[in-house]
């Protein structure tokens, strides 16, 4: 009986082993295939939104207007300042008057008085020349007398031309006694005040604010996610304006440098490396913040 039992057990084991092995091998192979299929799947692209800090500026023309240099290299004092920071200005508008204006204006009046006198003398001398020409035709005078009268006429003409040149120069000097705006825009900064002589920093800084831009400092690690024409939304960092502004990337600087617009934690990113990105605002947004040059903003670049 025991021998029969052992034989049956042997047959069962040897017969089922290939089957069990096949099942186990199949399961193992299936797991490997699943792992292979999972590994071969494409990775899901993570859409990264870039946010960065910056500030508002007029788009394009910004000028520092200075006082003229005097004959001895000095500059006149400011006697009247006719604008203040934030004022809207137009091309040709007088922004300041210098203290040398009264003296130059007086010199101009003297030159005009001299010119009027010379013009009257010229009129008289021309009549004299014509009269002496008639006398010469009748042999009433010698020709040398007419020549002397004509020489005097030439001298008066020379004096007239000299006075006209002086008046032209004085008029130019007079125009320099007033600071004139060369553009339509806004007063960004008053550099020098009434009673002061301006230095190399000038008198007034003005900017054309019909269009505005934001200078955004993007970390160098994020710049790959920024490109020309990309849409950007901006909000005020400190609540200087409500809502958000819209714009698009207009220029990406080719230079990496340290940041200049510090965040609320300057110790944390004073040495950060950034790339300056210029964002041009649309017309509606530009009108909203045309008087807020220098305000800090937070820019969010829409995912590419």
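The values are calculated or read from the model by the stated rules, or taken from the named source; none is laboratory data. Only a predicted model underlies this, so the values are computations on that prediction, with no experimental measurement involved. Please note: Cβ atoms are built from the backbone with ideal geometry, for glycine as well, and neighbour counts cover all protein chains shown.
Evaluate segment 27-48: report whether one residue or more is surrounded by 10 or more Cβ atoms within 10 Å (Cβ to Cβ) and either within 22 Å of residue 197 (Cα to Cα) or at pLDDT 55 or above (or both). Yes - at least one qualifying residue is present in segment 27-48.
When 166, 175 are screened for being under 30 Å from residue 291 (Cα atoms) and either touching a helix residue (DSSP H, G or I) at 6+ places or on another chain (Cβ under 6 Å) or at pLDDT below 95 (or both), only 175 passes. The set of residues in segment 199-214 that are closer than 14 Å to residue 63 by Cβ, part of a loop (DSSP other than H, G, I, E, B) and out of contact with any helix residue (DSSP H, G or I) (no Cβ under 8 Å at 6 or more places or on another chain) comprises 201, 202, 203, 208. Hey, can you tell me all the residues within segment 68-102 that are free of Cβ contacts under 8 Å to residues at least 40 places away in the same chain, loosely packed, with under 13 Cβ neighbours inside 10 Å and more than 26 Å from the chain's Cα centre (by Cα)? Matches in segment 68-102: 71, 72, 73, 102. Taken as a whole, the condition of being in a helix (DSSP H, G or I) and surrounded by fewer than 12 Cβ atoms within 10 Å (Cβ to Cβ) applies to residue 109. Per the listing 187, 226, the residue uniquely at negative phi and within 19 Å of the chain's Cα centre (by Cα) is 187. Scan segment 188-239 for residues that are more than 30 Å from residue 94 (Cα to Cα) and either crowded, with 18+ Cβ neighbours inside 10 Å or in contact with a strand residue (DSSP E or B) (Cβ under 9 Å, 6 or more places away or on another chain) (or both) and the total you get is 23.
Listed here are the residues, each with its yes/no results for (1) surrounded by 16 or more Cβ atoms within 10 Å (Cβ to Cβ); (2) within 25 Å of residue 102 (Cα to Cα).
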{"residue": "118", "(1), (2)": "yes, yes"}
{"residue": "127", "(1), (2)": "no, no"}
{"residue": "134", "(1), (2)": "no, no"}
{"residue": "158", "(1), (2)": "no, no"}
{"residue": "167", "(1), (2)": "yes, yes"}
{"residue": "173", "(1), (2)": "yes, yes"}
{"residue": "183", "(1), (2)": "yes, no"}
